[in-house]
């Protein structure tokens, strides 16, 4: 193998990456969507979802967190729930619900306001918003210029923190797959922190300092489990203690379950047997990780998973492209494949298609297996999508490079091509 061989390998690698760039740019126009029903079913799936839903061991329940269902209760009834829970001295209470206005039930409003005022560490949700002008000006940017908050009657003395989660959904009714959450955002020059982060900070400030030390504006959620799931959508046992509407009114719990703990109030259906989709998300725990049909986790339980992750310091680390490591790995693997396939192309031309396809299939299966196992065992996310794409294109791309591109720059082959064309004329 001389110098010319290695130059061809370098040029072949560059050509394959050029093909990838062209395909990526064309796919941005979504012109193939109508012909790709399989792609639509898999578009919100990641390989690590298999680790979440199939491979990980059942989690140990996190007894630091208790979730309370507010169901379809009136404000007066929610106030009664809150008073019952608060008398058992929880450490932090978080409310994943908005009370944007004064209702016609003045006494109910006053009762709820009074119940809130009696909580020593209360966190109320806000929502990060973009005005229409900002959406047009900074389309796609994660920049916000306003907050949705509850009416001032209900947030006196409360800590405010945003409940936004990262999904691709534009509307509440859309499919919402949640894998990550923003830890902090700037609104009008002031830093706002996530709902789960603020509750964890009030409960254990040292743990949140370690989160801040990671200096990541967005964190992947390392899901560990759901709450009671009568419909078998996740296959996970209870990760968190949860109280349904009647459990609170009947005080169907022991005081130790609440004392000194984080208590999250939020909507989880009219009761635990309700199949409501309101404020419900698809997560990687979903058994049907491809072509999902039913969401599996309420928003308040997603927040509970985030709090648990922070308190246990059980973060997901990633191979990011910030340092270009993923691209370097892709280039190296692609170059090695090009060198191997080039050797086969010249030495064993009759075997080229069979050998290259077999090698590509083996490599893709090995890398996917590696991604899933590393994530399952070490909570480390290998982002090797570019590598997989390079492997998938290497065989056919190299054939085009040698059969077409290289010949276009060869005087003899160009001469033969034009001679053939003149004869046909």
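The values are calculated or read from the model by the stated rules, or taken from the named source; none is laboratory data. Everything numeric in this text was worked out from a predicted model, so none of it was measured. We place every Cβ from the backbone using ideal geometry, glycine too, and count neighbours over all the protein chains shown.
A few notes on this one:
- In segment 94-118, the residues that are outside any loop (DSSP other than H, G, I, E, B) and within 20 Å of residue 269 (Cα to Cα): 94, 95, 96
- Index of the failed condition, residue 53 passing every other in (1) in a loop (DSSP other than H, G, I, E, B); (2) modelled with pLDDT under 95: (1)
- Scanning segment 119-137 for residues that are surrounded by 13 or more Cβ atoms within 10 Å (Cβ to Cβ) and assigned to a loop (DSSP other than H, G, I, E, B), we see that the one that is modelled with the lowest pLDDT is 130.
- Sole exception among (1) within 19 Å of residue 301 (Cβ to Cβ); (2) at pLDDT below 95 for residue 81, by number: (2)
- Of all residues in segment 175-190, those satisfying the criterion of being modelled with pLDDT of 90 or more and either more than 17 Å from residue 129 (Cβ to Cβ) or under 13 Å from the mean Cα position of the chain (by Cα) (or both) are 180, 181, 182, 183.
- When we screen 370, 319, 388, 311 for residues that are exposed (fewer than 14 other Cβ atoms within 10 Å of the Cβ) and within 27 Å of residue 221 (Cβ to Cβ), the only hit is 370.
- 3 or more residues crowded, with 21+ Cβ neighbours inside 10 Å and at negative phi: qualifying strands (runs of 3 or more DSSP E) within segment 179-229: none
- Filter result for residue 67 (assigned by TED's automatic domain parsing to the domain that holds residue 303 and modelled with pLDDT of 95 or more): yes
- Taken together, 74, 103 contain a single residue that is in the same structural domain as residue 263 (by TED's automatic domain parsing), under 30 Å from residue 178 (Cα atoms) and either touching a helix residue (DSSP H, G or I) at 6+ places or on another chain (Cβ under 8 Å) or modelled with pLDDT of 90 or more (or both), which is 74.
- Scanning segment 59-89 for residues that are in a loop (DSSP other than H, G, I, E, B) and more than 23 Å from residue 314 (Cβ to Cβ) yields 70, 71, 72, 73, 74, 87, 88, 89.
- Residue 45 being modelled with pLDDT under 90 and under 19 Å from residue 341 (Cβ atoms): no
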